[in-house]
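Below is one structure, written out as structure tokens, with a few remarks after it.
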Amino acid sequence: MSRRVTPRPSPGLRARLLFAFALLCVVTAAAVAGGSYVQARNAILQRAQDAAVLAMTSRLEALYPLQSATPDQTQLDEIAAAATDQDCCGFAFYREMHSPVTGPPVPGPPGRWGPEGRPPVVDLGAISPELRREVAGGRTAWQRVVLQDGPWLIVGTPLLIVEQGRPTRVSGIEVYVARSLAAEKRSVDELAARAWLTGGAALAFAVVLALLATRGVLGPVRELGRAARLLGEGELRTRIAVRGSDELADVARTFNNTAAELERHVEQLREMEADARRFVADVSHELRTPLAALAAVADVLEEEAAGLPEPAGRAASLVSQETLNLTALVNDLIEISRFDSGVAALTLNEVDVAELVRATLRVRGWSESVDAELAPGVMARLDPRRVDVILANLVGNALRHGEPPVSVRLSTDPHWIALEVRDHGPGLDEAVLPHVFDRFYKANAARARSEGSGLGLAIARENARLHRGDLTVTNAPDGGATFTLRLPRRAPDPDGQINTGGPE
């Protein structure tokens, strides 16, 4: 068994355009601002690093030649002081060389010097073992570390022994300089803030641009939707103003051409329908005069049929019956033409609905064949002749095509009355139900032509709608078809409004 899946509601075109513009702006701004931020940050840190290395090496060059290749504590302090300035602090180490078999070299007591002779603010623990190994290997190295008071750059370099005719070797003296990167951090933070501001400004600009773009795109789309709704409601003269030569203008031109063709075809169909209705009405009226003469002759033949020989008598009866059928068909066609031309009108009277139903059954001899459940004292302002036509069609169909018992039940509320006509036959096929009130429709196409014209239920429904009511049909759960006629208790006033009898 298939199950209908309800599609998820999707956001409107305006929301999607705004989201697309905003997303594009965010991605572009993030890429541009992020790339610029990373490049500027690296450049700032690289400059600070290069400046620190250059300043350190320049100051250390003033120490050569060293007083001793094995400095004492005082000389280490002098070396540390020479490597520092007012913005940094330094450390100097000396270590004796040992073979790899006995283990790593053991550092001697360090010399330390802070800014302007003060103790250094960077602890020796900030120098990582990896940096120590790089410097001990004879290379200048650096690293950035984050301490409690902010980021720092630590640069380490060895003092080398250069002798003529001999290879350069390390002296065992290591010098480390720690420089604060607080100023660079502030610069980087300013860059980040500018990047965020730039991204926010770009996002706002993108939203404004998206609003302008959606206005330009959605304006014609909304106009097209409004025109399509009007066209669907029957306003066939609806057209759209064509502006420019873009794709939306092409859509507008296509819509206008389609609407024009549709209007032309509808006009042709209306003219053909009007011609057909006029033809039916004219033919029906033209047939009334000869049919009246035929009916008079048929009545005479019917009276004389019993005294005629068998073939002639049977022919006389057949002519009489077919004349009556043809007269009924012509009358039905004339009635339908009145509805189509809009000239059908109500002749209203205040009637007792229960008594009206009883009269309909009594006149046609159906009182004994139909069970009537009629609430007494139900008054309504109706056209008795047209209600009689409706009931005669419904009860006649139930008696001919259904099975007994056939019942008529009257129910009411303050504003409406309902008449239910039900039989207990097999009911109507589900494929037949939507077409029961169509003109010339017969559930059984093989049914004899004399059983009806196929206009009775169509006329009944038109009469119900003329009262501003309706006529419906359903199959009862326990078998049989149920026709329900709903009419207002107060018929339409001359201006077309229904007076329900409520307070003014």
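Since every read-out is calculated from the coordinates, none of them should be taken as a lab result. All figures in this text were calculated on a predicted structure; none of them were measured in a lab. Note that we place each Cβ from the backbone using ideal geometry, even for glycine, and neighbour counts take in every protein chain shown.
Tabulated values for the structure
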{"quantity": "Cα gyration tensor, region 247-341 - rounded (a/c under 1.5), prolate or oblate", "calculated": "prolate"}
{"quantity": "Placed amide H near Ala372: partners under 5 Å, 5+ positions off or other chain", "calculated": "Val408"}
{"quantity": "All-pairs alpha carbon distance profile, region 152-289, 10 Å steps from 0, percent", "calculated": "9, 15, 12, 11, 10, 8, 7, 7, 7, 6, 4, 2, 2, 1, 0"}
{"quantity": "Order of Met56, Met379 - criterion: other Cβ atoms within 10 Å of each residue's Cβ, fewest first", "calculated": "Met379, Met56"}
{"quantity": "Near-label residues of region 262-281 by backbone N, under 20 Å of a point 7 Å along Cα→Cβ of Leu236", "calculated": "262-279"}
{"quantity": "Gain upon complete extension [Leu54, Leu147; 0.36 nm per residue less C-alpha separation]", "calculated": "31.1 nm"}
{"quantity": "Cys89, Cys25 arranged by Cβ crowding within 10 Å, fewest neighbours leading", "calculated": "Cys25, Cys89"}
{"quantity": "Residues Glu310, Glu261, Glu174, Glu322, sorted so that the one with the fewest Cβ neighbours within 10 Å comes first", "calculated": "Glu310, Glu261, Glu322, Glu174"}
{"quantity": "Cα gyration tensor shape for region 352-438, rounded if a/c is under 1.5, else prolate or oblate", "calculated": "prolate"}
{"quantity": "Net dipole in debye of region 129-254 [+1 Lys, Arg Cβ; -1 Asp, Glu Cβ; about Cα centre; nearest 20]", "calculated": "120 debye"}
{"quantity": "Cα centre as origin, Lys/Arg/Asp/Glu Cβ charges: region 289-391 dipole, Debye", "calculated": "260 debye"}
